[in-house]
Amino acid sequence: MSDHNADLFVVSGGPGSGKTTLLDELARLGYPFAPEDARQIIQEQVRLGGTALPWADREAYTRLMLQRSIETYLRHSPSAELIFFDRGIPDTLGYARLIGLSDDSHIQDACRQYRYAPAVFLLPPWREIYTTDTERKQDFAEAERTFEVIRQVYSDCGYHTIEVPHNNSENRAKFVLRQVDRKI
């Protein structure tokens, strides 16, 4: 297993839990973040008429998600400053498990090779803010299942998960930064 990169912090959780809103708040406070690759892939595939989509060819979508997640990791590692990631490589493993991908060993290998800071921030499902859109088609029950699988995957990959409580974006950002200060 590779060493953790102590300056790369993952923010993850199920869809629609406020990850991007939290990351936007952290960016407003001067902490950069790497945007989610999955949403970008969906937008590109729809624009290009491709089939590597969660509602079409899920295996191709998973391969693209892994490739892009590794590229994003490498683009930011090593980092001379703290950076947050909207999801990490283990999220691809979680997705592969959710869809029942028969062989996820190559994703497991990537999770072992490309390591983030040991603490991962997980945002739990939050019914009051949950919405769907053109890229997010899951219902709330699936968002809850996704959260549980992601929590288990990060734990299985050796990360310490920290659940970010429901709150406004400012208070969530303060919570995350207090936790980061304890880990640095």
If you take the beta carbon distance between Ala141 and Ala80 as r and set R0 to 30 Å, what does 1/(1 + (r/R0)^6) give as a FRET efficiency, to the nearest 0.05?
0.10
Quick check for me: using +1 on Lys/Arg Cβ and -1 on Asp/Glu Cβ, what's the dipole size of the stretch 8-183 about its Cα centre, in debye to the nearest 20?
360 debye
Relative to a virtual label point 7 Å from the Cα of Ala6 in the Cα→beta-carbon direction, which members of the stretch 81-103 show backbone nitrogen distances below 15 Å?
81-83
Please arrange His76, His106, His166 by counting, for each residue, the other beta carbons lying within 10 Å of its beta carbon, fewest first.
His106, His166, His76
Starting from 0.36 nm per residue, how many nanometres of slack lie between Ser169 and Ile129 once their C-alpha separation is accounted for?
13.2 nm
For Glu163, enumerate residues with amide H under 5 Å from its amide H, sequence gap 5+ or separate chain, H modeled in the peptide plane.
Leu122
Once you compute Rg and the Kirkwood Rh from C-alpha atoms, what is the Rg to Rh ratio for the stretch 56-156?
0.96
For the stretch 56-82 and the stretch 25-51, what is the centre-to-centre distance using only Cα atoms, to the nearest Å?
11 Å
Just to check, using Stokes-Einstein with a Kirkwood Rh over alpha carbon pairs, what's the diffusion coefficient of the chain at 20 °C and 1.002 mPa s in µm²/s?
130 µm²/s
CD proxy, 222 nm, the chain: helix-only mean residue ellipticity via -39,500 (n - 2.57) per DSSP H run with n ≥ 4, per residue, nearest 500, stands at -16000 deg cm²/dmol
Mind sorting Trp55, Trp126 by how few other Cβ atoms lie within 10 Å of their own Cβ, fewest first?
Trp55, Trp126
Taking the beta-carbon count within 10 Å as an exposure proxy, list Arg39, Arg172 from fewest neighbours to most.
Arg39, Arg172
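We did not get these values from a lab; they are worked out from the coordinates using the rules stated. Everything numeric here is computed off the predicted structure, so don't read it as measured data. Backbone-built Cβ (ideal geometry, glycine too); neighbour counts: all protein chains shown.
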